[in-house]
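What follows is one structure encoded as structure tokens, with my remarks underneath.
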Amino acid sequence: MLYLVATPIGNLGDFSPRAREVLTSVDLVACEDTRTSRGLFSLLGIQAKAITAYHDFNEEKATENLIKKLQSGLDIALVSDAGMPLISDPGYRLVKACHEQGIPVTSVPGANAVLTALQLSGLPTDKFYFGGFLPPKSSARQHVLKSVENLPATLIFYETARRLKETLLDIEKIFGARPMAVVRELTKKFEEVRTGTPTELNTYFSEAPKGEIVLVISGAEEKEKVLPSISISDLRKNLSAKDTAFVWALLTGKSKKEAYNEVLEADKL
């Protein structure tokens, strides 16, 4: 079986007993950086049986090797340097290959910077879009931001501390004064959540801050549906109730059932 195991994003206390049990018991742990994982395991008191590298540069070949080991009956855990595997980190090819080969996969969930930042931002949480790391160049970054400008969902991106000021300028250029939050050093001693407009936040972060950063930006407001100029009564002059409901559903974006009920109500008037 393949286990997708979350590791702490800062506070070691967020590491779960189940994660500890899995990493101790599996035959092999695949990780982004073996040195980072060995250091983390040492702090957590975990004795892994074996560790191998699995990262962006060897993902294709490593996937083949891990699939062979899984098919031989070995249990393998995949971890990221921090947080949930596959979230802006390698791994989906391995999971896809497991599904194709009928190899069982399960998740051992835990800390995640995306969801934690969304919780702390004070922005709507019912719908959100995660775009991973923004491009390093301003032109490409603006292109990405422009592509999600009209999404009626809270937007979440990762960014480096060094590029924060430039990115906030690009956000202001594309989104204007939309409310947003800069969340950094999640679960660590100097955790910070700053809210405001891009301009206000750029003023606050006059010097590049330290630590890992998550940007949470308000989504576009959902536009009100414009009612068609024609009425149900106008349609009923030339159409049956069923056909009227069909056309009314197309015009208003309502379900066929909703449209038909409105037609029946209109016929009573």
Most fluctuating of Lys68, Lys254, Lys189 in the GNM of the chain (C-alpha, under 10 Å) is Lys254
Per residue, what volume in Å³ does the Cα convex hull of the stretch 58-142 take up? 151 Å³
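For Cα pairs less than 8 Å apart in space and 6+ apart in sequence, what is the mean separation divided by the residue count of the stretch 113-217, i.e. the relative contact order in percent?
After rounding, I find 34 percent.
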Share of alpha-carbon pairs per 10 Å distance bin for the chain, given as whole %: 6, 23, 21, 19, 15, 10, 5, 1
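With both partners inside the chain, how many of the DSSP beta bridges are antiparallel, as a percent to the nearest 5?
Numbers: 16 of 35 bridges.
In the chain, approximately 45 percent of DSSP beta bridges are antiparallel ones.
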Please report the spacing between the Cα centers of the stretch 203-222 and the stretch 1-49 in Å, no decimals. 30 Å
So, in Å, what gap is there between the alpha-carbon centers of the stretch 104-126 and the stretch 137-189? 18 Å
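When Lys and Arg each count +1 and Asp and Glu each count -1, what net charge do the other residues less than 15 Å away from Arg184, Cβ to Cβ, add up to?
Details: positive: Arg162, Arg163, Lys165, Lys188, Lys189, Arg194, Lys210; negative: Glu159, Glu185, Glu191, Glu192, Glu207, Glu212.
Net charge in that neighbourhood comes out at +1.
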What residue among Ala97, Ala181, Ala241 shows peak mean-square fluctuation when the chain is described by a Gaussian network model with Cα springs under 10 Å? Ala241
As an exercise, identify the GluC sites (Glu not before Pro) in the stretch 181-217 lying in DSSP coil whose Cβ has no more than 15 other Cβ atoms within 10 Å. Glu191, Glu207
Between Leu23, Ser138, Phe246, whose Cα lies farthest towards the positive end of the dipole of the chain when Lys and Arg beta carbons carry +1 and Asp and Glu beta carbons carry -1, centred on the Cα centre? Phe246
For Lys257, give me every one of the lysines with a C-alpha distance below 18 angstrom, ignoring sequence neighbours fewer than eight places off in its own chain. Lys242, Lys268
Show me, for the stretch 2-14, the HN-Hα J-couplings you get by feeding each phi into the Karplus relation (A = 6.51, B = -1.76, C = 1.60, θ = phi - 60°), rounded to Hz, glycine and proline as x. 9, 10, 9, 10, 6, 10, x, 9, x, 7, 5, x, 7
Exposure proxy order (Cβ contacts within 10 Å, fewest to most) of Ser147, Ser218, Ser72: Ser72, Ser147, Ser218
Residue among Ala50, Ala113, Ala161 with the largest mean-square fluctuation in a Gaussian network model of the chain, springs linking Cα atoms under 10 Å: Ala50
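What share of the DSSP beta bridges in the stretch 133-269 is antiparallel, in percent to the nearest 5? Present the calculation step by step, with values, prior to reporting the outcome.
Working: 15 of 16 bridges.
Antiparallel bridges make up about 95 percent of those DSSP assigns within the stretch 133-269.
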Search the structure for amide H atoms under 5 Å from the amide H of Leu78, placed 1.01 Å from N in the peptide plane, and list their residues when 5 or more places away or on another chain. Tyr3, Leu4, Val5, Ala30
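Quick one: of Lys189/Lys210; Lys127/Lys256; Lys68/Lys96; Lys173/Lys210, which pairs are farther than 18 Å apart, Cα to Cα? Don't skip to the end; give the middle numbers.
Working: Lys189/Lys210 12 Å; Lys127/Lys256 25 Å; Lys68/Lys96 14 Å; Lys173/Lys210 24 Å.
Pairs exceeding 18 Å: Lys127/Lys256; Lys173/Lys210.
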Just for the Cα atoms in the stretch 113-217, what are the lengths along the principal axes, largest first, rounded to whole Å? 35, 31, 22
Which translational diffusion coefficient, to the nearest whole µm²/s, is obtained for the stretch 1-70 from the Stokes-Einstein equation, given a Kirkwood hydrodynamic radius over C-alpha pairs, 37 °C and 0.692 mPa s? 257 µm²/s
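Please state the relative contact order of the stretch 2-108 as a whole percent: Cα pairs under 8 Å, 6+ residues apart?
Values: 167 pairs, mean separation 45.5, N = 107.
Normalised by residue count, the contact order of the stretch 2-108 is 43 percent.
Read the figures in this text as sums done on the coordinates, not as results from a lab. A quick note: this is a predicted structure, and the numbers were derived from the prediction, not measured. Virtual Cβ from ideal backbone geometry, glycine too; neighbours counted across all protein chains shown.
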